[in-house]
Amino acid sequence: MMDKKTTLKIAIDGPGGAGKSTLAKSLSKKLGFAYVDTGAIYRTVGFAARERGIAPDDAAAVTAMLGEIKVEARFEGGRQDMYLDGEFLGDRIREHDISHYASAVSAIPAVRDYLFDMQRSIADANNVIMDGRDIGTVILPDAQLKVFLTATPEERAMRRTNELIEKGQNAVYEQILADIKERDERDSSRAVAPLKPADDAILFNNTGYTPEQSLAELLEIAKDKLGVSEVC
C-alpha cells in the first residue's frame, strides 16, 4: 500500500474487444502495478440483475437491487476475483450475454455512483492500471497516463469470436459483430459517462497488431510518460 499522493495511475479506455483487459493485465505484470478490471465489476452487477430476472435497462429495478447486494473485488496473487454476496463468480461473469447486461447497467447513474468509491479507493492505495470506458474521463481524471485503445469493429468481433471458441463456448461472428456495433453506439451515445477519449489521452489503434506487439507499444508509452521500468 502507498500514500495516495504518491500512487501512479494508468487509465486505459476504449470500446469492447479492443484488448483492454488482456493488455492491462500484461502491462501490470511488467510494471508491478495492481490491475483493476472495472469491466468485471460492472459485469458482476449485470450478473446480479440477470439472476434476479431484472431487465438491465430497468433503472428503477436495478437501482432498488443495489441496496440488496454486496459486490466485492478481491485481489490475490495479482489476480482480481469478483464476489457477489460472498460468492465467488469465476468465469460466470464472462458469458456472452453478460456483456449486454454490463453495458446496460453501466448507463444507470445509481450503478456508477454505487461503484465509484470502490474503484477510487483501490487507485488511491496502489499503483494501478485500470481499464474501462470512462476511467480517464470520470473515475481517474488525475491519472498520469491515459490511453484510448481501439480497433475496427470487424477485428474486435473476430478476436471475441476466437476467444469464445477457445473457451468452448458457442460463437457466431456475424452476431458478435452486430452486438459490438450496437454496444459501441450505446456506449458512445449514453447520457452518463459516454465512451470517449479524455482530452489528454494517447490514442492507440491496434488493428492488425498481435497482443505481443500491442504490449510492447504500451510498455514503451508507459516508460516514456511515467519514467517507470519493468520489474520482470
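Each value in this text was obtained by applying a stated rule to the coordinates, not by laboratory testing. Please read these numbers as outputs of a predicted model, since none were measured by experiment. For neighbour counting, all protein chains shown are included, and Cβ atoms are generated from backbone atoms with ideal geometry for every residue, glycine included.
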(request) In whole angstrom, note down how far apart the Cα centers of segment 64-83 and segment 84-148 are. (result) 11
(request) Taking each pair of different alpha-carbon atoms in segment 1-131 once, compute 1/r for the pair, average those values, and report the inverse of that mean as the Kirkwood hydrodynamic radius in Å to one decimal. (result) 15.2
(request) Distance check, please: which entries in 30/225; 25/196; 25/146 exceed 18 angstrom between their Cα atoms? (result) 25/196
(request) Mind telling me which of 92, 133, 160 comes out most flexible in a GNM of the chain, alpha-carbon contacts under 10 Å? (result) 92
(request) May I ask you to derive the FRET efficiency for residue 158 and residue 6 from their Cβ-Cβ distance with R0 = 41 Å, giving the value to the nearest 0.05? (result) 0.50
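Could you compute the longest span of the chain free of GluC sites (Glu not before Pro) located in DSSP loops and having at most 13 other Cβ atoms within 10 Å, not counting the site residues?
In short, 69-229.
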(request) Using only the Cα atoms of segment 8-222, build the gyration tensor, take square roots of its eigenvalues as a ≥ b ≥ c, and label the shape rounded, prolate or oblate: rounded if a/c is under 1.5, else prolate if a/b is larger than b/c, else oblate. (result) rounded
(request) Provide the percentage of antiparallel DSSP beta bridges, counting only those with both residues in the chain; round to the nearest 5. (result) 30
(message) Could you tell me the ratio Rg/Rh of segment 127-184? Both radii from Cα atoms, Rh via Kirkwood.
(response) 1.10
(message) To make sure I understand, if each residue's beta carbon is the centre and we count other beta carbons within 10 Å, what order do 228, 172, 62 fall in, fewest to most?
(response) 172, 228, 62
(request) Could you pull out the chymotrypsin sites (Phe, Trp or Tyr not before Pro) across segment 16-68 that fall in loop regions by DSSP (anything but H, G, I, E, B) with no more than 13 other Cβ atoms inside 10 Å? (result) none
(message) Using Cβ counts within 10 Å as a stand-in for footprinting exposure, how do 161, 210 rank, fewest first?
(response) 210, 161
(message) Please rank 129, 98, 221, fewest neighbouring Cβ atoms within 10 Å first, as an exposure proxy.
(response) 221, 98, 129
(message) Only four residue types carry charge here, +1 at the Cβ of Lys and Arg and -1 at the Cβ of Asp and Glu. Report the dipole size of the chain about the Cα centre in Debye, rounded to the nearest 20.
(response) 320
